[in-house]
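*Asks:* The structure follows.
The values are calculated or read from the model by the stated rules, or taken from the named source; none is laboratory data. These figures come from a predicted structure and were not determined experimentally. So basically every Cβ, Gly included, is an ideal-geometry build from the backbone, and we count neighbours across all protein chains shown.
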Amino acid sequence: MISTGLPRKVVESELRNALQKAFLAENAKVPEGLNPLSEMASLISRWHVEEKYVDRFGGPRPLTWNGKRGTLLGLAREVIGHEGAKRVITSVINRRLVVKNAEGRWRPKSQVVKPRGLDRAQILRTAGMLRRLLQTISHNSKKRYRGNDLLFEVMARVPRLPSRYLPSFKRFARTQGMTYVRSVDDWLESRNLPKTRRKRRKVREAGVIVFAFEEPAIDA
């Protein structure tokens, strides 16, 4: 709390307000298009799993884009919708998330979209992560943590991990975390509806958030 540069009472007050809003808005509709990182990540992820956008080896197929039209625009429209498709393509190019091959076609560098510091996109991403965490806690609390309708919510920690093991812990958590997230992402994307078909069925946004942490020991 102190690291924010704000008085402790102000931070605690803002946290209480955030908790209250999350509990009240558990089922409230969230406006679309607020998180540029999520849009870019969705585009890159679908590029790796949609049958018509992968090659015979299962990798992302190089797509065309000349600034106005191309097969990449078709993918972006399926994922983001017509209104924001060109904007998202521009974003992935500007962030160098895609590269152009010798034939002038574009392909993604990686299946994972990483933040690049505390810019506006990262702030919006962080706010979305916190909101979803609080809504998950709210949902499970209302269910009294009983029944089959609970959302996955687990923490593993130790109070005194020797500092010399931190590099190993970070590597282990990153490797295992990426394996888990990629598995969940493949499952979700194989069932995700294109934006053009979403109005025909009842849909919910769903996903997981995984992160590791380390901090000073309380009794150190």
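*Asks:* Based on what the data block shows, is Asn192 of a type in the set (S, T, N, Q), closer than 22 Å to Val79 by Cβ and not in a helix (DSSP H, G or I)?
*Replies:* Judged against the criteria, Asn192 is a match.
*Asks:* What number of residues within the range 173-194 are hydrophobic (A, V, I, L, M, F, W, C), free of Cβ contacts under 8 Å to residues at least 12 places away in the same chain and surrounded by 12 or more Cβ atoms within 10 Å (Cβ to Cβ)?
*Replies:* 1
*Asks:* Sticking with this one: Can you confirm whether Asp149 is at pLDDT 90 or above and of a type in the set (Asp, Glu)?
*Replies:* Numbers: at pLDDT 90 or above: yes; of a type in the set (Asp, Glu): yes.
Criteria met by Asp149.
*Asks:* Would you confirm whether any residue within the range 80-98 is closer than 21 Å to Phe211 by Cβ and either surrounded by fewer than 18 Cβ atoms within 10 Å (Cβ to Cβ) or assigned by TED's automatic domain parsing to the domain that holds Arg191 (or both)?
*Replies:* No, the range 80-98 contains no residue that is closer than 21 Å to Phe211 by Cβ and either surrounded by fewer than 18 Cβ atoms within 10 Å (Cβ to Cβ) or assigned by TED's automatic domain parsing to the domain that holds Arg191 (or both).
*Asks:* Okay, next question. Consider Phe211 against the criteria (1) loosely packed, with under 12 Cβ neighbours inside 10 Å; (2) of a type in the set (Phe, Trp, Tyr); (3) in a helix (DSSP H, G or I): it satisfies all of them except one. Which criterion is unmet?
*Replies:* (3)
*Asks:* Would the range 142-157 turn up any residue that is surrounded by 10 or more Cβ atoms within 10 Å (Cβ to Cβ) and closer than 17 Å to Ala212 by Cα?
*Replies:* Yes, that holds for at least one residue.
*Asks:* For the range 37-58, what are the residues that are in contact (Cβ under 8 Å) with a residue 12 or more places away in the chain and more than 10 Å from the chain's Cα centre (by Cα)?
*Replies:* Across the range 37-58, the qualifying residues are Leu43, Ile44, Ser45, Arg46, Trp47, His48, Val49, Glu50, Tyr53.
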